[in-house]
Amino acid sequence: MILAAAPFQGTAADRLRHAVELRHQADAEEMRALAELAGEHSWTTTDEYDVVGGERAIRIGADGSRLVGEFLPLEVAATKGISVTAATWLIRDVINLEARHPTLWHAVRAGIVEPYKAFKIARLAAGYELTQEQALAVDEKLAGKVGRIGWARLLRLARGFVGQVAADKLAAAARKAREARFVRSAADQDQPTVTEVWARLDTADAQQLEATIRAIAKKLSDNGDTDELDIRRSRALGILATPGRAQAILAGDDDQRYLPRTKVYLHLTPDMLTGKSSIARSETLGPLTKSMLADLFGTHRITINPVLHADAEQSVDAYEIPDRIREAVVLRDVCEVFPYSSWTARRLDLDHTTPYVAGADSQTRSDNLGPLTRRVHRAKTVGRWRLKQPRAGTFWWKSPTGAEYRVSPTGTDDLHHWSPLERQATWQFDND
């Protein structure tokens, strides 16, 4: 249990100021701790591989920043309850500030500047691929202004100073921006019946896309669609996914034959099949009610694969994992089984919790498998992180520093504050 400090007494304004000061102190202490942790896990350029621990050095920061062990982000991720990717970015920003922006780093450690703000300038310099010398020059030009002018103004000054110390990097960044064009989409976590789309396009392509969306939205209105313009525009972009239908609408008709097909996995419970519950779960969209299913699938040609979970465990003697067992594990675990991870299981490799030994029977079975990303898999394989799976779908992790976590279908439990009795009782329950 974490003990809370006694409430600060004073007016609402006093308490607000006190809360802000406490947050700044906590942020500064966290940054110092992360820098020290990175220092404890730092490597030199002559260190290529830890023969004993099986760990490699990686450079996650920009020029001039320290090398760190590849498994450091795992420790930070589990401690903070964030993803390994987010932990990697956090460590990157901290070591970049420390090595390349001493003025900003001092302001962060003193609680003058919030870390997320300082990180923006560190990322700006790294994004332009400034050398350590160039980054130090920008940092020096900002001295005397940090914490004394508005942050948006400081950020504009920083961009201007980048142009002064590295004009060639601006042109290179423009070329790189065109090379980084993309289109991405993700279902809204709170409202899975809608999906957001992000894109970086050539300006000419974006203008043509805008013109086509505008034209289809107008045709929809002409055909009797009474929704607001923004809704019709979003529908128009979706229609463009089926060029034949888009062409038909622009020509004055709407041909439903062009609607695309897709496949959806729905996890069903016996209660839903018998009518006691109206909730199903999609692997990518989360929990869905019957009415949401109607909104999602009522007007689309979709193949729905119902998934019913059985208690029987399947096994084979070979190292290779048959499709039927892989499918059972993916449907059971849904996400990577590392603490707090959100990586979708269907995209990951399956790991033998107890390492495979040639000749032994029934090792490749669903209660000895779990989806892991490559870095987590390596950390487990070399023994830095230890893993047990006492029952199918429940995983007990132990970090190199001795921190313990329990990952189950209900989520991650950080066992740091659990008593020995609570741990023992839960372990016995999981082994029953």
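The values are calculated or read from the model by the stated rules, or taken from the named source; none is laboratory data. Given the structure is predicted, the values throughout are model-derived calculations rather than measurements. Ideal geometry is used to build each Cβ from the backbone, glycine not excepted, and the neighbour counts take in all protein chains shown.
What do you reckon, is A78 at pLDDT 90 or above and either farther than 16 Å from A379 by Cβ or not assigned by TED's automatic domain parsing to the domain that holds G127 (or both)?
no
I need the helices (runs of 4 or more DSSP H) fully contained in the stretch 11-111, keeping only those with at least 1 residues that are free of Cβ contacts under 8 Å to residues at least 60 places away in the same chain and under 27 Å from L415 (Cα atoms).
Those helices (runs of 4 or more DSSP H) span 12-40, 72-80, 84-100.
Of all residues being out of contact with any Phe, Trp or Tyr (no Cβ under 6 Å at 6 or more places or on another chain) and of a type in the set (K, R) in the stretch 132-180, which is nearest to G64 (Cα to Cα)? Just the residue, please.
It comes out as R159.
For the stretch 150-191, give me each residue that is among the hydrophobic types (A, V, I, L, M, F, W, C) and within 24 Å of the chain's Cα centre (by Cα). Lay out the reasoning, then the answer.
The first filter runs over the stretch 150-191 and keeps only residues among the hydrophobic types (A, V, I, L, M, F, W, C), leaving 151-152, 154-155, 157-158, 161-162, 165-167, 170-174, 177, 180, 182-183, 186-187.
Listed by number, the residues that qualify are A177, A180, F182, V183, A186, A187.
All but one of (1) free of Cβ contacts under 8 Å to residues at least 24 places away in the same chain; (2) small (G, A, S); (3) surrounded by 10 or more Cβ atoms within 10 Å (Cβ to Cβ) hold for S185; state the number of the condition that does not hold.
Going through the list (1) free of Cβ contacts under 8 Å to residues at least 24 places away in the same chain; (2) small (G, A, S); (3) surrounded by 10 or more Cβ atoms within 10 Å (Cβ to Cβ), S185 breaks only (3).
Filter the stretch 388-432 down to the residues that are in contact with a helix residue (DSSP H, G or I) (Cβ under 7 Å, 6 or more places away or on another chain) and either free of Cβ contacts under 8 Å to residues at least 24 places away in the same chain or of a type in the set (K, R) (or both) and list them by number.
Answer for the stretch 388-432, where residues must be in contact with a helix residue (DSSP H, G or I) (Cβ under 7 Å, 6 or more places away or on another chain) and either free of Cβ contacts under 8 Å to residues at least 24 places away in the same chain or of a type in the set (K, R) (or both): R391, E404, R406, L415, R423.
Name, by its number, the condition in (1) at pLDDT 90 or above; (2) assigned to a helix (DSSP H, G or I); (3) surrounded by fewer than 11 Cβ atoms within 10 Å (Cβ to Cβ); (4) of a type in the set (A, V, I, L, M, F, W, C) that does not hold for I216.
Evaluating I216 over (1) at pLDDT 90 or above; (2) assigned to a helix (DSSP H, G or I); (3) surrounded by fewer than 11 Cβ atoms within 10 Å (Cβ to Cβ); (4) of a type in the set (A, V, I, L, M, F, W, C) leaves (3) as the failure.
From R153, R181, which residue is touching a Leu at 6+ places or on another chain (Cβ under 7 Å) and not hydrophobic (A, V, I, L, M, F, W, C)?
Step by step, each of R153, R181 is checked, and only R181 is touching a Leu at 6+ places or on another chain (Cβ under 7 Å) and not hydrophobic (A, V, I, L, M, F, W, C).
Restricting to the stretch 124-162, give me the number of residues that are among the small types (G, A, S), at negative phi and either touching a residue at least 12 places away in the same chain (Cβ under 8 Å) or surrounded by 13 or more Cβ atoms within 10 Å (Cβ to Cβ) (or both).
7
Given G402, G411, which one is of a type in the set (G, A, S) and within 22 Å of E70 (Cα to Cα)?
Going through G402, G411 in turn, just one is of a type in the set (G, A, S) and within 22 Å of E70 (Cα to Cα): G402.
Enumerate the helices (runs of 4 or more DSSP H) found wholly within the stretch 131-180, keeping only those where 1 or more residues are of a type in the set (V, I, T).
Working: elements: 132-142, 151-165, 167-179.
It comes to 132-142, 151-165.
Does I249 satisfy being surrounded by 11 or more Cβ atoms within 10 Å (Cβ to Cβ), modelled with pLDDT under 90 and under 26 Å from A180 (Cα atoms)? Can you show your working first?
Working: surrounded by 11 or more Cβ atoms within 10 Å (Cβ to Cβ): yes; modelled with pLDDT under 90: yes; under 26 Å from A180 (Cα atoms): no.
In short, no.
Going through L90, L97, L104, L72 one at a time, which residue ends up being under 25 Å from the mean Cα position of the chain (by Cα) and either among the small types (G, A, S) or farther than 20 Å from R384 by Cβ (or both)?
Going through L90, L97, L104, L72 in turn, just one is under 25 Å from the mean Cα position of the chain (by Cα) and either among the small types (G, A, S) or farther than 20 Å from R384 by Cβ (or both): L97.
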